[in-house]
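Enquirer: One structure coming up, written as structure tokens, with questions to follow.
The values are calculated or read from the model by the stated rules, or taken from the named source; none is laboratory data. The model shown is predicted, which means the values in this text are computed figures rather than measured ones. Cβ placement follows ideal geometry from the backbone for every residue including glycine, while neighbour counts extend to all protein chains displayed.
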Amino acid sequence: MATTVKAYAAPSATDPLEATTIERRDVGADDVQIAIRYAGICHSDIHTVRGEWGKVPYPLTVGHEIVGEVTAVGSNVSKFQVGQRVGVGCMVNSCRECENCKAGEEQYCLKGEIGTYGSTDRDGTVTQGGYSESIVVDQDFVLNVPESIPYEAAAPLLCAGITTYSPLHHWNAGPGSKVAVVGLGGLGHMAVKIAHAMGAEVTVLSQSLKKQEDGLRLGADHYYATSDSDTFEHLAGTFDLIVNTVSSASLDFGGLLGLLKLDGTMVNVGAPGEPISLGIFNLFTNRRRLAGSKIGGIRETQEMLDFCAEHGIAADVEVISAEQINEAYERVLASDVRYRFVIDTSTL
């Protein structure tokens with residue numbers, strides 16, 4: 001028998017999110033029940049509820065940056081216990097059988113991972129996300145959140161943290177490498193912190209210099225404005241890796257690719273709703289690569305959380321009440337947040 005819990009949901013692509021209730025399944029043998037304490041607001045939430053990434057099963061509760069405490073466990077659960085501080089990120093299941101899942105890359109499940117919201121779950125219901133009081137998740141998709149990470153600041157690590165950690169890790173950011181981060185928002189500020197902790201020389205490429213002081217405080221060694229044409233001339237052929245966190249199709253992708261050195265890679269973690277424009281010859285010089293990266297698998301996400309705990313990394317957050325969610329969405333779109341909104345779910 002399902003449990004009814006408080007939540008905020010989007011009734012349509014054009015209506016504001018509103019207070020409501022949703023149902024959570026009973027705790028199965030392999031399940032963990034979590035009382036949600038904080039839920040981050042990701043730009044993906046906004047894209048989704050506004051129908052910019054495809055068809056949406058309204059009404060929908062979004063949110064995939066979730067931290068809370070275990071309140072119940074199923075009979076087969078061995079990884080978690082009641083009272084433990086845990087998190088849930090962008091997915092809650094996968095096939096577990098394909099080669100990608102077996103390699104610990106569940107985010108690239110060949111049958112399609114089951115997202116924390118808006119996906120069809122194994123029982124045929126639509127998954128509902130973290131803007132809610134509680135959630136029930138299979139133990140294999142629950143993360144341990146180290147005690148040393150401030151509770152509210154841990155939530156964005158479950159998306160913004162792993163979304164930037166994964167490509168930095170995969171493309172070997174570290175001592176001796178030069179990394180550029182495009183955009184200093186929710187994703188970008190985490191990329192700067194993590195790349196710096198990995199030992200890379202970090203440069204922020206932002207439209208203007210208005211966040212320069214923040215960028216340097218967060219760990220950047222250099223900060224340049226992309227609105228200044230001299231930036232592209234000065235930095236040509238400089239970087240081993242560029243992490244693009246901006247969700248805009250209007251970026252100068254050709255100009256950014258020109259900043260890569262031989263065999264350099266530009267990886268996109270921002271996801272614009274429209275196609276990008278790029279001439280193929282931009283890739284030929286210096287054998288450049290243009291890549292994409294999603295989140296990370298469960299193993300890598302736990303590795304990221306432990307790395308952040310070891311290096312004292314957490315998100316810079318502004319905690320809001322549930323009734324401020326719609327206002328927060330508008331502020332995200334206006335880039336008016338330093339650097340992640342986190343909902344205190346006790347206000348639902």
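Enquirer: Looking only at region 265-283, filter to residues that are surrounded by fewer than 12 Cβ atoms within 10 Å (Cβ to Cβ) and either in contact with a Pro (Cβ under 8 Å, 6 or more places away or on another chain) or not β-branched (Val, Ile, Thr) (or both); which one of those is nearest to ASP240 (Cα to Cα)?
Expert: PHE281
Enquirer: Within region 220-250, which residues are closer than 17 Å to GLY183 by Cα, out of contact with any helix residue (DSSP H, G or I) (no Cβ under 7 Å at 6 or more places or on another chain) and in a loop (DSSP other than H, G, I, E, B)?
Expert: Once the filter is applied, which keeps residues that are closer than 17 Å to GLY183 by Cα, out of contact with any helix residue (DSSP H, G or I) (no Cβ under 7 Å at 6 or more places or on another chain) and in a loop (DSSP other than H, G, I, E, B), region 220-250 yields ASP221, THR226, SER227, ASP228, LEU235, VAL246, SER248, ALA249, SER250.
Enquirer: Would you check which residues across region 251-284 are part of a helix (DSSP H, G or I), under 25 Å from the mean Cα position of the chain (by Cα) and not aromatic (Phe, Trp, Tyr) and list them?
Expert: LEU256, LEU257
Enquirer: In addition: In region 139-174, how many are farther than 27 Å from ILE46 by Cβ, in contact with a strand residue (DSSP E or B) (Cβ under 9 Å, 6 or more places away or on another chain) and not in a helix (DSSP H, G or I)?
Expert: Total meeting the criteria: 6.
Enquirer: Please state which of the following conditions ILE135 fails to meet, knowing it meets all the rest: (1) in a strand (DSSP E or B); (2) in the same structural domain as ARG50 (by TED's automatic domain parsing); (3) in contact with an Asp or Glu (Cβ under 8 Å, 6 or more places away or on another chain); (4) surrounded by 24 or more Cβ atoms within 10 Å (Cβ to Cβ).
Expert: (3)
Enquirer: Looking only at region 49-66, count how many residues are touching a Pro at 6+ places or on another chain (Cβ under 7 Å) and surrounded by fewer than 24 Cβ atoms within 10 Å (Cβ to Cβ).
Expert: 2
Enquirer: If you don't mind, there's one more thing I want to ask. Across region 80-103, what is the number of residues that are surrounded by 13 or more Cβ atoms within 10 Å (Cβ to Cβ) and part of a loop (DSSP other than H, G, I, E, B)?
Expert: Residues that pass the stated criteria total 7.
Enquirer: Hey, does region 35-48 have a residue that's surrounded by fewer than 18 Cβ atoms within 10 Å (Cβ to Cβ), modelled with pLDDT of 95 or more, small (Gly, Ala, Ser) and in a loop (DSSP other than H, G, I, E, B)?
Expert: No, region 35-48 contains no residue that is surrounded by fewer than 18 Cβ atoms within 10 Å (Cβ to Cβ), modelled with pLDDT of 95 or more, small (Gly, Ala, Ser) and in a loop (DSSP other than H, G, I, E, B).
Enquirer: Still on this structure: So in region 250-277, with the set limited to residues that are touching a residue at least 60 places away in the same chain (Cβ under 8 Å) and among the small types (Gly, Ala, Ser), which one is farthest from PRO167 (Cα to Cα)?
Expert: For region 250-277, the residue satisfying everything is GLY273.
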